[in-house]
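**Student:** Dumping the structure here so I can ask a few things about it.
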Amino acid sequence: MSREQIEALIEQRQQAWNARDARALTEGHSPDCVVDSPMAGGSTRGHDAIEHVYSTYFRAFTDFRLELDAVLIDGDHAAIFATASGTDLGGFMGMPPTGRAVKVPIVFLYEFRDGLIVRDRRVYDFTSVLIQIGMLKAKPS
């Protein structure tokens, strides 16, 4: 893929994130793509499982937003630095909704082949998410 194609795909994905469009996000992945994400419980493979992960995010955080901070592209790889935010209005991980806001920096590491993402690794502080929605308590320092 050219740099311009990767940039266009990343822009389309940001729009789909902010539209909370699980189907559009899933279509950017190859059918055998692997998504590694703490919120998904590890590795997820295949369109049905990946779409389920996106849908789970959007059910819990019905006002989900993704703001891009920086994008680094090297050949068929990209690192996207972003900030994810939303409010736990739909319930998260089987818990009732807390109404609490979440804001967390996140890095997406993508590998592309034939115009699609074949590997999607997400790096963020999952413990911070759990603390922000009140599922975990942090001890004061």
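The values are calculated or read from the model by the stated rules, or taken from the named source; none is laboratory data. Computed from a predicted model, the values in this text were never measured in an experiment. Note: ideal-geometry Cβ built from the backbone for every residue, glycine included; neighbour counts use all protein chains shown.
**Student:** Taking residue 92 and the conditions (1) of a type in the set (A, V, I, L, M, F, W, C); (2) modelled with pLDDT under 95; (3) within 18 Å of residue 20 (Cβ to Cβ); (4) touching a strand residue (DSSP E or B) at 6+ places or on another chain (Cβ under 7 Å), which numbered condition does it fall short on, given that it satisfies the others?
**Tutor:** All conditions are met except number (4).
**Student:** What are the residues in region 1-47 that are in contact (Cβ under 8 Å) with a residue 24 or more places away in the chain, in a strand (DSSP E or B) and closer than 18 Å to residue 106 by Cα, if any?
**Tutor:** Correct list: 34, 35, 36, 37.
**Student:** Select, from 98, 127, 56, the only residue that is among the polar types (S, T, N, Q), farther than 18 Å from residue 11 by Cβ, more than 16 Å from the chain's Cα centre (by Cα) and modelled with pLDDT under 95.
**Tutor:** On the way: 127 fails: more than 16 Å from the chain's Cα centre (by Cα); 56 fails: more than 16 Å from the chain's Cα centre (by Cα).
Residue meeting the stated conditions: 98.
**Student:** Of (1) surrounded by 15 or more Cβ atoms within 10 Å (Cβ to Cβ); (2) assigned to a loop (DSSP other than H, G, I, E, B); (3) among the charged types (D, E, K, R), residue 63 satisfies all except one. Which?
**Tutor:** Among (1) surrounded by 15 or more Cβ atoms within 10 Å (Cβ to Cβ); (2) assigned to a loop (DSSP other than H, G, I, E, B); (3) among the charged types (D, E, K, R), residue 63 violates only (1).
**Student:** Also: With 78, 70 as the choices, which residue is surrounded by fewer than 14 Cβ atoms within 10 Å (Cβ to Cβ), outside any loop (DSSP other than H, G, I, E, B) and either modelled with pLDDT of 95 or more or of a type in the set (D, E, K, R) (or both)? So that I can check it myself, show each step before the final result.
**Tutor:** Values: 78 fails: surrounded by fewer than 14 Cβ atoms within 10 Å (Cβ to Cβ).
Within the list 78, 70, the selection yields 70.
**Student:** Suppose the filter is hydrophobic (A, V, I, L, M, F, W, C), closer than 18 Å to residue 40 by Cα and touching a residue at least 12 places away in the same chain (Cβ under 8 Å); does residue 106 pass it?
**Tutor:** Numbers: hydrophobic (A, V, I, L, M, F, W, C): yes; closer than 18 Å to residue 40 by Cα: yes; touching a residue at least 12 places away in the same chain (Cβ under 8 Å): yes.
So residue 106 fits the description; yes.
**Student:** While we're here: When residue 109 is evaluated against the numbered criteria (1) among the aliphatic types (A, V, I, L, M); (2) in a strand (DSSP E or B); (3) loosely packed, with under 15 Cβ neighbours inside 10 Å, which criterion, by number, is the only one it fails?
**Tutor:** The number of the failed condition is (3).
Every residue, every condition in (1) among the acidic types (Asp, Glu); (2) more than 16 Å from residue 57 (Cα to Cα); (3) in a strand (DSSP E or B), yes or no:
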site: 93; (1), (2), (3): no, no, no
site: 102; (1), (2), (3): no, no, yes
site: 117; (1), (2), (3): no, yes, yes
site: 139; (1), (2), (3): no, yes, no
